[in-house]
Structures are given as structure tokens and as C-alpha cells.
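Structure first, commentary second.
Just so you know, all these numbers are worked out from the coordinates, no wet-lab data involved. For clarity, every value in this text was computed on a predicted model and none was experimentally measured. Cβ placement follows ideal geometry from the backbone for every residue including glycine, while neighbour counts extend to all protein chains displayed.
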Amino acid sequence: MGKIRTPYLLLLPGFGFLFTFFILPILNLAQTSTQTPVGGGDTGQYEQTFRFQNYIDAFIENKEQFARSFIYAIIATVLALIISYPLAYAIAFKSGKYKNFLLVLVVAPFFTSFLLRTVAWKQILGEEGFVVPTLRSLGIISQSTTLTSTSFAVVMGMTYNFLPFMTLPLYASIDRIDPRTLEASGDLYANAFTTFRKVTLPLSMPGVVAGTLLTFIPAAGDYVNASILGSPNTKMIGNVIESRYFKIVDYPTAAALSFTLMAAILILVTIYIRKAGTEELV
Amino acid sequence: MSFDASSARGDLILTRITKEYGDFKAVDDLSLTIPKGSFFALLGPSGCGKTTTLRMIAGLEEPTVGSIHLGETDITTTKPYQRPINTVFQNYALFPHLTIFENIAFGLRRRGVKDVDAEVNKVLNLVELPHLAGRKPTQLSGGQQQRIALARAIVNRPALLLLDEPLGALDLKLRRQMQIELKWIQKEVGLTFVHVTHDQEEAMTMADTIAVMNEGQIEQMGSPADLYDNPETAFVANFLGQSNLIKGTISGNDGDSLVADLYGQKISLPKNRSHATDNSIYAGIRPEKFRISLLNTPVSGNVLSGGRIEDVSYIGVSTQYQVAMPWGQELIVFEQNDDGVAPFNKGDAVNISWAPIFTFALRGDEDVTAGSEVIPEVLDEE
């Protein structure tokens, strides 16, 4: 009996932590989401009335921000994948003795604060930065176009901020591929493109799935990029939740939105994993 | 320029191939013709350039200088996928995400072959593993993976099949079995096999022709028996089996034979087995060609007297002796245990004799240790 109990004892600290800081708050959040204001009470006073209509109201009122969150997150994820795949491939197969150095460079942005890096993008894309004047002088954007406070800036910020989360799992996955299988593919009449499609890509799928999830999930709920680099027109669902909680003190709507976001991400991710995991992708 | 050479057939001809990596010459001005339909082995120690040569034939490396022809077609710069050449890779390089069936079908599908099912099943039967078609490579044993790697290559009926240390990862018993099987399959399918190995026994068991490579060049080429009985250099004499090399001088000429003086004792050797350039030689005799006799026993042929048994090791089929000679050298002798006579004892005073025909002569300025200090167990070349 003692032997059987040992693993459970080892799990106890973890369970205790998760229970206190995850299960209990979630239950509390669930409870809050169906509350309504106390009649004649102060701002921020709510009572439990099991009003599930809260969810529908919150969703209808904010469906634009929901849609925007997912569209931005998907675009940022796709951009990050397009940038990261060649990067991870090059680090894994072509970097030689610079491999570790390049990996450190990928992680290097984490040495400074997330907030600071996002503010830096505001300067890069601002009027005083070099990007806008350069693009203007090349005639790519008109003299009156600005880049800050646009959806472009928000998506760029998200792509940049979540890039390492895409690159690292991709690298880990590509690095595990035996280069001789790629040679074998060439030896068996596959040209470079076919080799990529039939061998490299399928073998790196675990990294693609992990990387897209690690990018998409935090990106969909992000509000820092939208609030620093965006405008009221680029509000994401994270911004709405943030303002409902901390500014308007509308706890039930914020809680309902949080749950709706969680559910939406969960459904999308489940469909994605099923598709990536069971079907032949190529 | 690269172009599709997949229909090329004929002998493989390497002409003055050199491959340099920076200052290092992996292959140095090598020329070689591999006849269509033969089982050819490139044999040599780690780093001799044999794998680089194979990779240039496969198209995975491009020669710095020189050309490669398959029949009439120049394939020097042709891409690997445009060559009618397939490789059985060291450690197999099977595709881990595909089933055994799809692994074998890979080349057929790329070439747009019609009846993939029938072709794959045919080779699966040839390697006697039809029941594994639905498995993934990681579910197979090393020996099974080896056969699937072979099946994946020969299913394409290439003009040339390259085998890169194909049996290196197998244990000894399985390796012996696969050597015989590979030889049989080569006869069965009638393809040209080019086999790269560091294992002289493997090369001798399977190949019709062996090219012994050393430091990027071909040291000697010929049939296994040729190389063994008539090595031209100390490297070949030592790398293929063991040799006793005794310093001497040519002192006379007797018809088809030469007379040599080995530390004052006269022996004779066939002229056509002398590779010396002047009178200074090393006389070479394989250990199993020697016979040991006690001093009072009459002997014929070449005789070296004054030996004393230093060490006796009984190893079943034969007994191995070390015999100290008056000039300080220890000779190795293998005696078959087939005559019911008790082995000689340590300390016995003996003569050593052998048939003159088994003597070969190397140049007297050779390094007698060449090829003997290499450790054939080392697997990876690069």
C-alpha cells in the first residue's frame, strides 16, 4: 500500500498549488459570471442570480472584438510561422558552430520586459523612427499614412513578441530530423521541394503544432500589444476584459467574456490538433 | 548544368576524381571503372576517402576535380534525384513517419510508376518480410530495418546500388548471414553493387572485385584472392589479414624465380609476385602458409632455420604460434589442427618452411607497419 501511495504524495504539492491558484479562482470566476448588480447598491456590488443571459449579452456586445482577436491572432501566428520556419531550419541544419549563439539570440528578447519591447515598437513605427520616413521616401506609403495606432502595428507587435514561442519548438523538432533521411529522399528521386513536402515538413509537424499553439493561444487573449500599439479601432477581447474589470468594474461581463474566450480557444485548438494529428497533412 | 540522367546505363567510370575540403584532400586523383553487373567493394580504414567516393557517385557531394560517367552519360554534376543510382545508407535512414510499405514505395511514387503495390510486394517477398508492410520503422529490429533499406533501394532497379557500411550496425552472426543474403540478392536481381566497408572479411566474402583505399587513393585493386595472395604494398598486406614481412635483398635470378637473401638464409620467390623496384625487399609470407618442424625433420621448399617457439595459443580450428627468429623478429604462424599431432611447446627449437610460390616481395623502403595499426572497429568516417 505504501508503495502505491508514493506517487500521489509526490503529486500533492502540485495539486495543492493548482487547486488554490487555478481551480478555486476559476470556480470563483464562473460564479461571478452569472451575477447581477445589487438593486440600489454601490458600483461593484453584485449578487448571484444565475443570469446566463450575461454570456449572450456580453458576446453580442463584443462580437467585433472577438472576431478581431482571432483574426489578429491567426495572422500573427501565420506570420510567425513563415518567419520562424526558415530560421529554425537554418539554425538546425546550416548554422554549424554558431548554433548555440543563434539560439541565444532567439531567446535574447526575453532578457528585457515584454512591456518595454512593445513600447520600443511604438518608437520604431512612430514618426521619429526610421521606418515611416524610409517607406514614405520610397513611395510605398503616402505622406499622410502613419503606422502607429493601426491594426498593422498591433499584428506586427504580436508577431514579434511571440516569435520565440514559434521558433524554439520548431527548432527542437527540425533539429531531431536525421539529415540522412533528407539525403535518402533525394536519393529516391525526390527534388528539394518534394523532399520538403514529403519528408521535412511531416517530420517537423510536432514543432509546427506546438509552435502555432504556443503563439496563437496567448496572442488571442493578448491586450498589451493592442493597448500600446493600437487605437480604439483595434481593440481586442483582452482589452475589453481588462477595461470591464479594472475600469468599469463590471465583473460579471468580464467573467463571462473570459469564459467565452477560453471556450472558443479550446474548441479551435481541439479541431486543429485533431486535424493535424490524425490526417495526412500532405 | 544538371539534367535528368535516370535512363543512363553501363559501367561506372570515375576519371581523375579529387575532392578537397579546405586543405584536406579526402579523395586524391582517383580513377576507377566498375563494370556493369559486378559486386564491387571499396575497402579501407576510417578516413581513407571511401565514403566520400561513394557520396560523389550518389551525387551527395560534387568532386572538386574530375568526372563521373555512367556508360556514355556524364553524371558529374547531376542531382542525386536525377541519377539512376540508389543508396543503402549507413544506419538505413528509413523515413520514420512512413510505414514500411510507403518507405519502399517512396522512389516508385516519385518516378510515377504504375503498379506500386505489385512492385513493393515483390521486393518485400524478396527480403522475406511481407508481414511488416504496415509497421513503422521504429517497430523493426536492426536486421529487419537493414533489409527494408535494401528493399527500398532495389525496388527502383537502379543502374547502380550503393551500400554504405550496410552491415556495420548488426551483430556478428546477423552480419555473416546478411553477407550471404546480399550476395544472393545481387545475383538474383543482377544489379551493379558498390559496397563501402572497413571490414576486410565482409569485402572478401561478398565482392568480385575489391579496391583497397588509403589516404584518398586506390592502393590496389583486384579479386579477393589476388589481393590476399599477391599484395603489392605493405598497406594491403597488413590491412587484408596478417602478413609476416622479412627484410632481405635480391641476390640472384633463377628462371621464373628470384633468389633472395633473408638475414643470410636463401629463399626463392616467383618473379611475378615481386613488386620491388631494386634489390632491397621485404619478403612477405601469410601466417597460414608457414609450416613448423622440429630441427631433425626433413623439409622442402623455402626454409628459415634457427627459430624458437615463443608463444602458443590454441584457437580451435588452428593453433597460433609466435616464433622468435635469430635476427630478433617474431614471426606469426597458423597451423591447422588437422593432423592429430600435439602442438609444439614453448621453447622448442624449430625450422619454418613454406612453398616458394606463396612468397611475395614488397619494396624494401616500405613502412612495414602501414595498414596494421588501423582499428577496423571504428564506424563513422566523417
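Normalised by the number of residues in the stretch A:74-173, the mean separation of alpha-carbon contacts (under 8 Å, six or more apart) gives a relative contact order of 49 percent. The convex hull drawn around the Cα atoms of the protein assembly as shown, when projected onto a plane and averaged over every direction, covers 48.1 nm².
Working from Cα positions, state the angle (0 to 90°, nearest 10) between the long axis of helix A:251-278 and the longest principal axis of chain A. Result, in degrees: 30.
Couplings for the stretch B:124-136, taken from phi via the Karplus curve 6.51 cos²θ - 1.76 cosθ + 1.60 with θ = phi - 60°, read 4, 5, 4, 8, 6, 10, x, 6, 9, 3, x, 7, 9 Hz in order; Gly and Pro are left as x.
Put simply, the C-alpha atoms of the stretch B:12-229 give a gyration tensor, and the ellipsoid matching it has half-axes of 28, 20, 16 Å, longest first. Averaged over peptide B:48-61, the number of partner chain Cβ atoms lying within 10 Å of each residue's Cβ comes to 1. Once the chain from residue B:171 to residue B:342 is taken as fully extended at 0.36 nm per residue, the excess over their C-alpha distance is 58.1 nm.
Projecting the Cα atoms of B:353, B:248, B:319 onto the charge dipole of the stretch B:242-363, computed from C-beta unit charges around the Cα centre, puts B:248 farthest toward the positive end.
Taking a cut-off of 37 Å, what percent of all Cα-Cα pairs in chain B are separated by more than that? Walk me through the intermediate numbers first.
Numbers: 24090 of 72771 pairs.
Cα-Cα pairs of chain B separated by over 37 Å account for 33 percent.
Distance from the C-alpha centroid of the stretch A:1-66 to that of the stretch B:199-256: 83 Å, rounded to the whole angstrom. Take the Cα coordinates of the stretch A:63-114, assign each an equal point scatterer, and use the Debye formula without solvent to give log10 I(q)/I(0) at q = 0.13, 0.18, 0.25 Å⁻¹. Results for the stretch A:63-114 at q = 0.13, 0.18, 0.25 Å⁻¹ read -0.48, -0.73, -0.94. Using the alpha-carbon atoms, what tilt in degrees (0 to 90, nearest 10) does helix B:100-110 show relative to the longest principal axis of chain B? The answer is roughly 70 degrees.
With the convex hull drawn around the C-alpha atoms of the stretch A:1-51, the volume per residue stands at 97 Å³. Overall dimensions of chain A, expressed as equivalent-ellipsoid semi-axes from the Cα gyration tensor (√(5λ), whole Å, largest first), are 39, 30, 18.
For the stretch B:1-110, the C-alpha radius of gyration divided by 2.2 N^0.38 Å, with N the number of residues, is 1.14.
Taking each pair of different alpha-carbon atoms in the stretch A:109-264 once, compute 1/r for the pair, average those values, and report the inverse of that mean as the Kirkwood hydrodynamic radius in Å to one decimal. Numbers along the way, then the final one.
Details: mean 1/r = 0.0536 Å⁻¹.
In the stretch A:109-264 this quantity evaluates to 18.6 Å.
Given R₀ = 51 Å, FRET efficiency for residue B:189-residue A:127 by Cβ-Cβ distance, to 0.05? Efficiency, from the Cβ-Cβ distance: 0.10. Using only the C-alpha atoms, the convex hull of the stretch B:242-363 corresponds to 105 Å³ per residue.
Counting lysine pairs in chain A that sit 8 or more residues apart in sequence, or on different chains, and whose Cα atoms lie under 25 Å apart gives 7.
The amide H of residue B:290, built 1.01 Å from its N in the peptide plane, has B:334 as neighbours under 5 Å, considering only residues 5 or more places off or on other chains.
Translational diffusion of the stretch B:143-186, estimated by Stokes-Einstein from the Kirkwood radius over alpha carbon pairs at 20 °C in a medium of 1.002 mPa s, is 196 µm² per second. Per the Debye calculation on the stretch B:192-316 with a single equal scatterer at every Cα and no solvent contribution, log₁₀ I(q)/I(0) for q = 0.14, 0.18 Å⁻¹ amounts to -0.76, -1.08. A Förster radius of 56 Å, combined with the Cβ-Cβ distance separating residue A:249 from residue A:178, puts the computed FRET efficiency at roughly 0.45.
Compared with the dominant principal axis of the Cα atoms in chain B, helix B:172-189 is inclined by about 60°.
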